[in-house]
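The next block holds one structure in the form of structure tokens; read it before the comments.
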Amino acid sequence: MRVSAAANATLLPGLSQPFVAADVGGTHVRIGLVQAGSPLQVLAYSKFRCADYASLADIVREFIASLPGGTPVRVAVIASAGYPLADGTVITANLPWRLSPAEIRDSLGLDAVHLVNDFEAVAHAVAHLGASEVLQLAGPARIAPGPILVLGPGTGLGAAVWIPTANDPVVLATEAGQAALAVGTELEMALLRQMLGQRSHVSVEHALSGPGLMNLYSALCALRGEAPVFARPGEITAAALDGSDALARQSLEVFCGLLGSTVGDMALLYGVQGVYLAGGILPHIREFLVRSDFVARFLNKGPMREALERVSVRLVEHGQLGVIGAASWYQGSGFSEK
């Protein structure tokens, strides 16, 4: 990602000082001190476990305290999944604490705390990616002009659509992870029936996320009449990758197949020309994903197969993507001019 060179661009008012940009996930918070410019510079970067802190304000406070003495920080930009309410708080299913930008601002004495959807932020970051930071999974190496889908499974599943316009691009933030899960094989239908026994709505992220992999594994164990051996998604992934457990491997195979089918559905729904896959899980299973049914299921859309063969699908492998995206969104948002 081209973000470390010296910034030579004329900065907008309010962007001359470094600011904090945070990528808030259900498991980790990735946070950076960023200097605006073209390109952006990440001056400092840290990663925190959500479960170790009582609030996001505590994490931001500790990060700012770790910076060299005298570093002025007046603004924070937070990228997080969730739906913002009129009172400024955010509905989010995957964070261990309440998220309120106004409370963070007041607690830390900042001038402003801005909030952006996490995958909206990632969509703003893809323009900064270099070729070495993506793995081509399907379609042409060059993306045709048009909308781009950015999607990724982590603690939940996020998705956004980057849409070019005559002026600046527009990013559509979505709650695609909360849509109903669609299945396409007999096994997937049986797993869906099993999961519907515990809830009335099985969302996409109930299967396509870290907890979702756990749900698939638990449902598969129930179907096979076997007691679960693993209690965490990472344990399932490790056993699947080393081939030590057949049900773990089958669970990950189902995960990859469902992901391919879901990405294909979204590519058609949004009319995209390219797809970037991000999130915390996929880089860890990249070789498994390449060998899986992901691409076959992505293309398995009847007469629309030919259209999907023209869609470039890439896996993003950059840990600071959400931080860079939040900073890019803020730099282009106009907040700094107000």
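The values are calculated or read from the model by the stated rules, or taken from the named source; none is laboratory data. What you are looking at is a predicted structure, and each value in this text was computed from that prediction instead of being measured. Every residue, glycine as well, gets a Cβ built from its backbone with ideal geometry; the counts of neighbours run over all protein chains shown. Remember, those area values only see protein heavy atoms, side chains included, never the ligands or the DNA or RNA. Shrake-Rupley method; radii C 1.70, N 1.55, O 1.52, S 1.80 Å.
Structure data summary
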{"read-out": "Tally, over the stretch 20-73, of residues that are assigned to a loop (DSSP other than H, G, I, E, B) and farther than 20 Å from SER100 by Cβ", "value": "12"}
{"read-out": "Condition broken by ASN300, with the remaining ones in (1) over 18 Å from GLY156 (Cβ atoms); (2) of a type outside the set (A, V, I, L, M, F, W, C); (3) touching a helix residue (DSSP H, G or I) at 6+ places or on another chain (Cβ under 6 Å) satisfied", "value": "(3)"}
{"read-out": "Enumeration of residues in the stretch 173-193 that are outside any helix (DSSP H, G or I) and closer than 18 Å to GLU205 by Cβ", "value": "ALA173, THR174, GLU175, ALA179, ALA180, LEU181, ALA182, VAL183, GLY184"}
{"read-out": "Any helices (runs of 4 or more DSSP H) falling wholly within the stretch 246-338 and containing at least 3 residues that are touching a Lys or Arg at 6+ places or on another chain (Cβ under 8 Å)", "value": "246-270"}
{"read-out": "Filter result (within 30 Å of MET304 (Cα to Cα), of a type in the set (A, V, I, L, M) and open to solvent by 10 Å² or more (accessible area, probe 1.4 Å)) within the stretch 227-265", "value": "VAL254"}
{"read-out": "Test: residue in the stretch 99-108 that is in a helix (DSSP H, G or I), in contact with a Gly (Cβ under 7 Å, 6 or more places away or on another chain) and surrounded by 17 or more Cβ atoms within 10 Å (Cβ to Cβ)", "value": "yes"}
